[in-house]
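Structure, as structure tokens:
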Amino acid sequence: DMNVLSEIPVPSPEDLTGVDFLVLDANVPLNRIIDTVRNARSVGVKEIFFEPTSVPKARAICQNEEFLRCLSVAFPNDDELIAMANASCNGVDGITEGLDVDLNEDFRSVKIPAISLLLKMREKSAHLVITMGSRGVLLATKSGSGIRFKHFAATHISVVNSCNGAGDTLAGAFISSLLDGCDVETAVRFGMDAAILSLKCAERAISPDVSSLILKN
């Protein structure tokens, strides 16, 4: 029953004091997400992660500029990315002007909305971990006045039993590896390895084998 999500209380500033990582998804009512981010920002939570959940929910929350300015990392698929960028930006004309960015033709249709969204996210640094199905993952990183992209090719899987929990698995494993002290690129690789296990799992959205996955740092 998804209605239970409306009963989740907003953590107070006191609840969030001393928290380094805050992880959110878009299933919670919008006003509660905004209030949670506002409270987190007031007490200096270091990193705020966001899993968009769906295109409509991603579009709705990204109309709020205050929310976007607080985001450190988001995990959209390519459709969610476009919805988020369109909701947060009136257009992309001249968007790369003054930026240090490598905008070659590979995945250009993903890179342009990624740039648009990154410019709205946390000022000093931010990341987008963009899942693209069989095309793999594109990591977009903003640092200072530069934006960089790195592509991670997908591992071929002969049988996919369920896609339901793959994105959540990747995000959770990514965050777990950061907590273990890994860099962002290592975290992406670990997240992709974990997601493969969930793609192969027919019984559950997230494979129980993820817990035994070895992090290679």
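The values are calculated or read from the model by the stated rules, or taken from the named source; none is laboratory data. Source: prediction; values computed, not measured. For neighbour counting, all protein chains shown are included, and Cβ atoms are generated from backbone atoms with ideal geometry for every residue, glycine included. Just so you know, the surface numbers come from the protein's heavy atoms only, side chains and all, with ligands and any DNA or RNA stripped out. Shrake-Rupley method; radii C 1.70, N 1.55, O 1.52, S 1.80 Å.
Could you please tell me which pairs satisfy a Cβ distance under 6 Å, a separation of 6+ or placement on different chains, a first residue in the stretch 1-15 that is on the phi < 0 side of the Ramachandran plot, and a second residue that is at pLDDT 85 or above and among the acidic types (D, E)?
Listed pairs, sorted by first residue: V10/D35.
Tell me whether the stretch 52-71 contains one or more residues that are among the β-branched types (V, I, T) and open to solvent by 30 Å² or more (accessible area, probe 1.4 Å).
yes
Considering only the stretch 134-145, I want to know if a residue exists there that is basic (K, R), in contact (Cβ under 8 Å) with a residue 24 or more places away in the chain and closer than 17 Å to M84 by Cβ.
Filtering the stretch 134-145 for residues basic (K, R) gives 135, 142.
In the following step, the residues that additionally are in contact (Cβ under 8 Å) with a residue 24 or more places away in the chain were identified as 135, 142.
Narrowing the set further to residues that are closer than 17 Å to M84 by Cβ leaves 142.
Yes, the conditions are met somewhere in the stretch 134-145.
Report yes if some residue within the stretch 153-165 is under 17 Å from the mean Cα position of the chain (by Cα) and within 23 Å of R69 (Cα to Cα); otherwise report no.
Looking for residues that are under 17 Å from the mean Cα position of the chain (by Cα) and within 23 Å of R69 (Cα to Cα), one finds none in the stretch 153-165, hence no.
Residues are listed down the side, and each one gets a yes or a no for (1) open to solvent by less than 60 Å² (accessible area, probe 1.4 Å); (2) farther than 25 Å from L178 by Cβ; (3) touching a strand residue (DSSP E or B) at 6+ places or on another chain (Cβ under 8 Å); (4) modelled with pLDDT of 95 or more:
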residue	(1), (2), (3), (4)
P13	yes, no, no, yes
V23	no, no, yes, yes
T36	yes, no, yes, yes
F49	yes, no, yes, yes
V92	no, yes, no, no
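Quick one: how many residues across the stretch 94-135 are modelled with pLDDT of 85 or more, on the phi < 0 side of the Ramachandran plot and not in a loop (DSSP other than H, G, I, E, B)?
Applying the first criterion (modelled with pLDDT of 85 or more) to the stretch 94-135 yields 107-135.
Checking which are on the phi < 0 side of the Ramachandran plot leaves us with 108-132, 134-135.
Then keep just the ones that are not in a loop (DSSP other than H, G, I, E, B); that gives 108-118, 125-131, 134-135.
Looking only at that region, the number is 20.
Which one of these is modelled with pLDDT under 95 and under 24 Å from E47 (Cβ atoms): L197, L179?
Working: L197 fails: under 24 Å from E47 (Cβ atoms).
None of the others qualify; the one that does is L179.
Yes or no: S42 under 19 Å from K142 (Cα atoms), at pLDDT 95 or above and not acidic (D, E)?
no
Quick test for you: out of A153, A166, pick the one residue that is at pLDDT 80 or above, more than 26 Å from K124 (Cα to Cα) and loosely packed, with under 13 Cβ neighbours inside 10 Å. Reasoning before the result, please.
Working: A166 fails: loosely packed, with under 13 Cβ neighbours inside 10 Å.
Exactly one of A153, A166 is at pLDDT 80 or above, more than 26 Å from K124 (Cα to Cα) and loosely packed, with under 13 Cβ neighbours inside 10 Å, namely A153.
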